[in-house]
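Report on one structure; see the data block that follows.
All of the numbers you see were taken from the coordinates with simple rules; none came from a lab. On a predicted model such as this, the values are computed, not experimentally measured, just so you know. Heads up, the Cβs are rebuilt from the backbone with ideal geometry, glycines too, and the neighbour counts pull from every protein chain shown.
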Amino acid sequence: MRFGFLAPVLTFAVIAAVMAYALFFLDPKEIPTELAGKPAPEFKLEAVPNHGPGLETDHLKKGKVTLLNVFASWCVACLAEHPTLMDLKKNGQVEIFGLNYKDQPAAADKWLNKHGDPYTRTGMDRNGRVGINFGVYGVPETFIMGPDGKILDKIIGPITEEDLKKKILPRLAGNNS
Amino acid sequence: MKILRSCIVALTIALIPSLAGAIFVEERLTDPAKEERVREIADDIRCLVCQNQSIMDSNADLAKDLRAIVRERVAAGDSDDQVKEFLLVRYGDWVLLKPPFRMRTLILWLGPFAVFIGGAIATFLFLRRRSAPAGASQKAKPLSKEEQAAFDALMAEEDQK
């Protein structure tokens, strides 16, 4: 029992370590998608006026990895990731589909004209039901769709540099072949 | 004092609505029994935006939509579990304020009991160890001759006073 005095110190250290881990490495706001590995829910939506043809489930089964980006004109954080999406479009690396979440058609049209339209197709989810079927709980969210229309992964919040490098770009490798 | 009193009155009045509890009702179901079930289910569903609020308590847009979905499912004749399952497949265990008992949540459910039992055992061992030396000292060896002499001398000194 010579080291009995260490017990409280060790207890403290363990608790502190767990809390430090939770503080710096876990984000309580990020709820991992339950749908990873599952096929995209069925939907069929009309396009944002003047912005490409409408969007439905079949369009996500392109035989290539595609992105389904949930956006809205009222969403401030969407502006943060918009340049990233425009770059992806410009480089032709990946097809991006836009799910316009609970928005006014005219407002969405105006927003896309102002900031640029990175989407091949858009779909207006006026009442947010398609979003809920996808497990969306905030905007922006970006789904990485597999070639067979299965959801590979989801990025919650604006796409960061790290998301791009770790989650998106590695999965695009097979797209150009 | 008058100002103070009116302040208290004002504060009390201001707090009354919050005591009543915030209930957001967009469109009730006409059947009160079903509406009651809707509220019971919604009370157990976590709002994903304002975490730690149920969708019944939250006025977030998503909570409103989810309440509408719960009403729809109940009106369509789903059981409570079916409604929860509908949300579970979309948002995962996380939407339930009361996490289900599964392998993944074993620590969550049993952890407190394990800590309690561990603490009880530790306390028991600690107390037993602490009382052990006291018991042992009763059987300690008797005083040596010199000690006995010193003790007697001290006692004798005490008696003389």
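Which order do B:I107, B:I69 fall in if you start with the one that has the fewest other Cβ atoms within 10 Å?
Placing the least packed residue first, the sequence is B:I107, B:I69.
Report, in listed order, any pair from B:K34/B:K84; A:K102/B:K84; A:K89/A:K114 with a Cα-Cα distance greater than 18 Å.
Over 18 Å apart, Cα to Cα: A:K102/B:K84.
Given the DSSP H assignment, sum -39500 (n - 2.57) over each helix run of at least 4 residues in chain A and divide by its residue total; what's the result at 222 nm in deg cm²/dmol, nearest 500?
Using -39500 (n - 2.57) per qualifying helix, the result is -9500 deg cm²/dmol.
For A:V9 paired with B:D43, estimate the spin-label separation in nm (one decimal), with each label point 7 Å from Cα along the Cα-to-Cβ line.
So the label points at A:V9 and B:D43 sit 5.0 nm apart.
What FRET efficiency comes out for the pair B:T105/B:K141, r = Cβ-Cβ distance, R0 = 45 Å, nearest 0.05?
For R0 = 45 Å, the calculated efficiency reads 0.20.
Under 20 Å between alpha carbons, and skipping anything fewer than 8 positions from B:K161 in its own chain: which aspartates and glutamates qualify?
Straight-distance partners of B:K161: B:D152.
What is chain A's relative contact order, in percent, from Cα pairs under 8 angstrom and six or more apart in sequence? Don't skip to the end; give the middle numbers.
Working: 297 pairs, mean separation 51.3, N = 177.
Relative contact order comes out at 29 percent.
Distance from the Cα centre of the range B:75-103 to that of the range A:39-100, in angstrom?
So the two Cα centres are separated by 29 Å.
Return the inverse of the average 1/r over all pairs of distinct C-alpha atoms in chain A, which is the Kirkwood hydrodynamic radius, in Å to one decimal.
Details: mean 1/r = 0.0568 Å⁻¹.
Across chain A, the inverse of the average 1/r is 17.6 Å.
Over the residues of the range B:46-92, compute the C-alpha Rg and express it relative to 2.2 N^0.38 Å.
1.09
Run the count for the range A:22-71, please: Lys pairs, Cα-Cα under 23 angstrom, 8 or more apart or on different chains.
7
Output the relative contact order of the range B:18-127, whole-number percent, from Cα pairs under 8 angstrom with separation of 6+ residues.
For the range B:18-127, the relative contact order is 21 percent.
Let me know the Kirkwood hydrodynamic radius for the protein assembly as shown, please, with Cα pairs as the basis and the value in Å to one decimal. Display every interim value, and only then the final one.
Details: mean 1/r = 0.0392 Å⁻¹.
Taking every pair of different Cα atoms in the protein assembly as shown, averaging 1/r and inverting gives 25.5 Å.
Neighbouring Cβ atoms within 10 Å as the yardstick, rank A:K154, A:K61 fewest first.
Ranked by crowding around the Cβ, least crowded first: A:K61, A:K154.
What FRET efficiency, computed as 1/(1 + (r/R0)^6) with R0 = 25 Å and r the Cβ-Cβ distance, is obtained for A:V18 and B:T123, rounded to the nearest 0.05?
Result of the calculation: an efficiency of 0.60.
Starting from the Cα of B:A156, step 7 Å along the direction of its Cβ; do the same at A:Q93; then give the gap between the two resulting points in nm.
Here the answer is 10.2 nm between the modelled labels.
Subtract the Cα-Cα distance of B:W94 and B:R28 from 0.36 nm times their separation in residues, and report this length gain in nm to one decimal.
21.1 nm
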